[in-house]
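Contents: one structure, followed by commentary.
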Amino acid sequence: MDLEEFNSAPTDRLRPALAACCDVPRWVDAILAKRPYGDLAALTAVADQSLRELDDNEVDRALQAHPRIGDRPQGASTEAAWSRNEQSGVGDDARQELADGNRQYEERFGRVFLICATGLSAAQMLDSLRTRLTHDDATEAIVVHEELRKIALLRLSKVVA
């Protein structure tokens, strides 16, 4: 949809599309509350600032909507389709290494490994995963928040083209 349609669409139509970008009700509400937007830059600025304000619980909630890197998300949902596309750089040969790395990451940090995979090769994702396993909890929390922000903004640009 274009920006004009986004600005005029009923809230109940936009809410699921925005939740597919970042499943945090406060973030969705913040974007909806500021309509209408004069341009895409204004929408992106509100979305970005609201993402930066997410607390740890909201980040954890948003992570629940993300599959493991290397998994093949099933179903016809918007989130599943986006995830399949975003992870297109993961070939079958890297899936086992990513599965092993995901398991280590989840044991270490207690959450799914999240990375903005768009445009990354499997080797780049594996390198990042290995590096991030060396982070302390506070550093990794910052990285996760930033990766979530990048994914949500990328997805928002798919909603409003």
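The values are calculated or read from the model by the stated rules, or taken from the named source; none is laboratory data. Because the structure is a prediction, the values reported are computed rather than measured. Heads up, the Cβs are rebuilt from the backbone with ideal geometry, glycines too, and the neighbour counts pull from every protein chain shown. When the accessible area is computed, the model is the full protein with side chains, heavy atoms only, and any ligands, DNA or RNA have been set aside. Shrake-Rupley method; radii C 1.70, N 1.55, O 1.52, S 1.80 Å.
Give the carbon-plus-sulfur fraction of the accessible surface of the stretch 114-161 in %, rounded to a whole number; probe 1.4 Å, heavy atoms of protein chains only. Intermediate values should be presented prior to the final figure.
Working: 1270 of 2080 Å².
Ligands and nucleic acids excluded, carbon and sulfur reach 61 percent.
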How many Å² of accessible area per residue for the chain, probe 1.4 Å? 51 Å²
Please report, in debye to the nearest 20, how large the charge dipole of the chain is about its Cα centre when each Lys and Arg carries +1 at its beta carbon and each Asp and Glu carries -1 there. 280 debye
Taking the 0 to 90 degree range and rounding to the nearest ten, how far is the long axis of helix 92-109 tilted relative to the main principal axis of the chain, both from C-alpha atoms? 80 degrees
Given Cβ point charges of +1 (Lys, Arg) and -1 (Asp, Glu) and nothing else, what value in debye, to the nearest 20, does the dipole of the stretch 122-161 about its Cα centre take? 320 debye
Exposure rule at most 16 other beta-carbon atoms within 10 Å, DSSP loop trypsin sites (Lys or Arg not before Pro): the chain longest free segment: 35-110
